[in-house]
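For reference, the structure is listed below as structure tokens.
The values are calculated or read from the model by the stated rules, or taken from the named source; none is laboratory data. Treat the numbers as computed from the prediction; the structure is a model and nothing was measured. Because the Cβ atoms are built from the backbone with ideal geometry, glycine has one as well, and the counts that use them run over all protein chains shown. Each accessible area value is taken on the protein alone, full model and side chains, heavy atoms only, with ligands, DNA and RNA left out. Shrake-Rupley method; radii C 1.70, N 1.55, O 1.52, S 1.80 Å.
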Amino acid sequence: MTFGIPNFIGDMVREYSPWPELALGINVILAVIAVLAVGIGSAPILIYMERKVCAHIQCRLGPMRLGWHGVLQTVADVTKLLFKEVYSPKGVDTIMYYLAPMISLTAPFFTLALIPFGEQWQVIDLDFAVPAIIAINGLGLFAILLGGWASNNKYSLLSALRSGAQMISYEVSFAVIMLFVVMISGSASLNDIIATQSGTVFDWWIFKLPVLGFVGFLMFMCISTAELNRAPFDIAEAEQELTAGFHTEYTGTAFAMFYLTEYINIIGASALGSIFFLGGWQAPLIGIESVDNILLAVPDLVWMFAKIYFLIWLYMMFRWTWLRPRIDQLMSFEWKFLLPLSLILLALGAVFTAMGWVL
């Protein structure tokens, strides 16, 4: 375990306790609590933020009645979901029906456990973190397919199949973009990827490779939006066509798990975007010593979350300003445009790396 606070407490236990083996257990428990806190604690903030971003884009006020500017509206909604009756329609596969939201909620926490939120704020550092994240993403797809199939609802099943086709397709380009970053960084470790961007903002991959890096960043944002099943690529729901989508038959806490998964996933995707292209938890230094000293005084954890919330804001702006394409247009966009472009980007990255033009 390489999580900052658990290591500090674990060292104290190891030094002063007659049972030093407790240190590992304390590390694990605190690491789990920290990951849960990041995911679950951020969800109400993001729900409120989503509503306000949507409202201002559409020239509305959004939630205003409960609390100052409606800050308690999310609390009221969560309370309602927790106490709402959980029932299933006739004919469902009960075990699979209730297993699907649990799997859906488990997958994004695995990703958060691999994210370095600061120099000493990471649960576990894997040398093969990027391939592990690619593998973990498949669990979310499995949960959607399982939930739609087990619901005994033809609209839910159709939605799950459409979502499966979309996520499998965009998973290919998503993996290629991540491999592009691995290639130019020379490592599949997230900490190593951040280390290759140390210095000023011009050493971040989005600026370090002025054309390839910026194009890669735009493609990452576009592809990850489809991976997150967010509008305008929310074909898995498409309320006008498929009622509420694959989770039509879910209520109460079961529905809340699917809803919470979306916001934890957006945190994970934004964290990866900041690590791959924006220097991760490193301060945005500009090369002026007096200014850089001020920027370095800000904790790395603050810089990481600032970048994460900036990318989340971009996701939300993207969602509420673009129209949803048809399913055939969405699939054509992936196979006829994004995938060839991502492969070209990967090939150019290989040329730049081989010629020594990257570092």
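General remarks:
- All other residues whose Cβ lies under 14 angstrom from that of VAL176 are scored, Lys and Arg at +1 and Asp and Glu at -1, for a net of -3.
- Per residue, in Å², the accessible surface of the chain once ligands and nucleic acids are set aside, probe 1.4 Å: 47 Å²
- The stretch 83-355: translational diffusion in µm²/s, Stokes-Einstein, Kirkwood Rh over Cα pairs, 25 °C, 0.890 mPa s: 126 µm²/s
- For ASP125, nonlocal amide neighbours, meaning residues 5 or more places apart or on other chains whose placed amide H falls under 5 Å from its own, are THR2.
- Carbon/sulfur fraction of accessible area - the chain, other protein chains in place, 1.4 Å, %: 72 percent
- Packing-based order for 202-214, 321-333, using average beta carbon neighbours within 10 Å, highest first: 202-214, 321-333
- A dipole drawn for the chain from +1 and -1 charges on Cβ atoms has a positive end, and of ILE124, TYR309, SER156 the residue lying farthest that way is SER156.
- For GLY279, nonlocal amide neighbours, meaning residues 5 or more places apart or on other chains whose placed amide H falls under 5 Å from its own, are TRP205.
- Proximity of backbone amide H atoms, modeled 1.01 Å from N, is registered between LEU285 and VAL201 at under 5 Å, excluding neighbours fewer than 5 places apart on the same chain.
- Near LEU190, once Lys and Arg are set to +1 and Asp and Glu to -1 for all other residues with Cβ below 15 Å from its Cβ, the sum equals -4.
- Fully extending the segment from ASP127 to ALA195 would add 23.1 nm, taking 0.36 nm per residue of separation and subtracting the current Cα-Cα distance.
- Based on DSSP H segments of at least four residues, each scored -39500 (n - 2.57), the chain has a per-residue ellipticity at 222 nm of -22500 deg cm²/dmol.
- Stokes-Einstein diffusion of the stretch 92-214 at 25 °C, 0.890 mPa s viscosity, Kirkwood radius from Cα pairs, rounded to a whole number: 149 µm²/s.
- Span-like helix check, the chain: qualifying full DSSP H segments, with Cα axial length of 15 Å or more and mean Kyte-Doolittle of -1.0 or more, are 4-16, 22-57, 73-83, 94-114, 129-150, 154-185, 212-227, 252-277, 300-321, 339-354.
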